[in-house]
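One structure is given below, encoded as structure tokens.
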Amino acid sequence: MERVVAHVAESAPLAPLLEQCRRVIAPKYVHGTEVGPQTNRLEAACGGIMARALLGVTADEDLSYGEYGKPYIPGAPEFNLSNDGGVVVLAMGERPLGADLESIPPIYRDPEALICRKFFDEAEQAAVGDGSSHEQRTSWTCAWTRREAILKAMGTGFAVDPRKHPEVLEGWYLETRVLESVVLTCAMDVPFELELVEFDVLDALAALLEVRA
């Protein structure tokens with residue numbers, strides 16, 4: 001059976017260390033550390049460290065991109081990076097895969113309600129309800145990450161609209177994990193085992209700084 005290893009990291013410990021992070025990560029990730037809310041900056045830094053430590057990405061040129069923008073590294077394992085809520089995951093395997101990480105919403109706002117109406121089937125709509133319980137909101141997040149993980153595994157993202165082409169969601173194997181305040185779903189076209197590995201971003205940063213010195 002195929003195996004997917006999902007390396008999971010908390011980005012918050014990097015808060016006082018963004019300048020050090022910028023010294024060791026590829027420029028595309030450096031840019032992410034310079035714009036947007038602080039949480040997004042920390043996630044970009046964490047993703048850059050994981051990409052370098054686990055995939056050897058030191059420059060933007062190390063990454064190639066598919067027709068719809070999905071990154072890959074010729075000759076390297078398949079991978080997918082996702083982040084939300086201060087958590088970053090880098091999933092790796094031997095076949096094309098998709099990984100999506102989403103925070104469980106505290107309430108349903110307009111975006112969640114719109115997604116529910118547009119994308120979820122009747123059974124999913126019944127499970128997600130009105131969002132008044134944590135269980136319902138977790139169900140919403142599971143349903144959404146399943147779709148995103150499949151579209152990321154395909155390499156198209158929402159360039160292919162699953163509302164117009166519901167058949168694209170069929171035939172995939174999915175593994176979902178609830179990790180406290182976030183939900184992770186990985187998708188592959190064959191059965192697979194999902195292994196979660198805690199990634200110590202501070203240890204990784206220290207090792208990269210030592211190499212650079």
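Could you give the angle, 0 to 90 degrees to the nearest 10, between helix 38-55's Cα long axis and the longest principal axis of the Cα atoms of the chain?
It is inclined by approximately 70 degrees.
Relative to the longest principal axis of the chain, what angle (0 to 90°, nearest 10) does the C-alpha long axis of helix 134-154 take?
The answer is roughly 70 degrees.
With runs of 4+ DSSP H residues as the only contributors, calculate the mean residue ellipticity of the chain at 222 nm using -39,500 (n - 2.57) per run, divided by the residue total and rounded to the nearest 500. Intermediate results must be reported in sequence, preceding the final value.
On the way: 7 runs with 81 residues, N = 213.
Roughly -11500 deg cm²/dmol at 222 nm, from the helical runs in the chain.
Could you tally the net charge around Pro37, taking each other residue with its Cβ under 13 Å from the Cβ of Pro37, Lys/Arg +1 and Asp/Glu -1? Kindly include the intermediate steps, with their values, before the conclusion.
Numbers: positive: Arg41; negative: Glu34, Glu43, Asp84.
With Lys, Arg at +1 and Asp, Glu at -1, the neighbours total -2.
If you project the alpha carbons of the chain onto their three principal axes, what span does each projection cover, largest first, in Å?
Here the spans come out as 57, 36, 29 Å, largest first.
Which ordering of His31, His134, His7 is given by a fewest-first count of other beta-carbon atoms within 10 Å? Write out the running numbers ahead of the final one.
Numbers: His31 13, His134 10, His7 21.
So the ranking, lowest neighbour count to highest, is His134, His31, His7.
Rounded to the nearest 5, what is the percent of antiparallel bridges among the DSSP beta bridges in segment 2-212? If you can, show how the numbers build up before the last one.
On the way: 29 of 36 bridges.
Counting only bridges with both partners in segment 2-212, antiparallel ones make up about 80 percent.
By how many degrees, between 0 and 90 and to the nearest 10, does the Cα long axis of helix 201-212 differ from the longest principal axis of the chain?
Roughly 30 degrees between the two axes.
Since every read-out is calculated from the coordinates, none of them should be taken as a lab result. It should be emphasised that the depicted structure is a prediction, and the values quoted were computed from it without experimental measurement. A quick note on method: Cβ atoms are made from the backbone with ideal geometry, for glycine too, and the neighbour counts reach across all protein chains shown.
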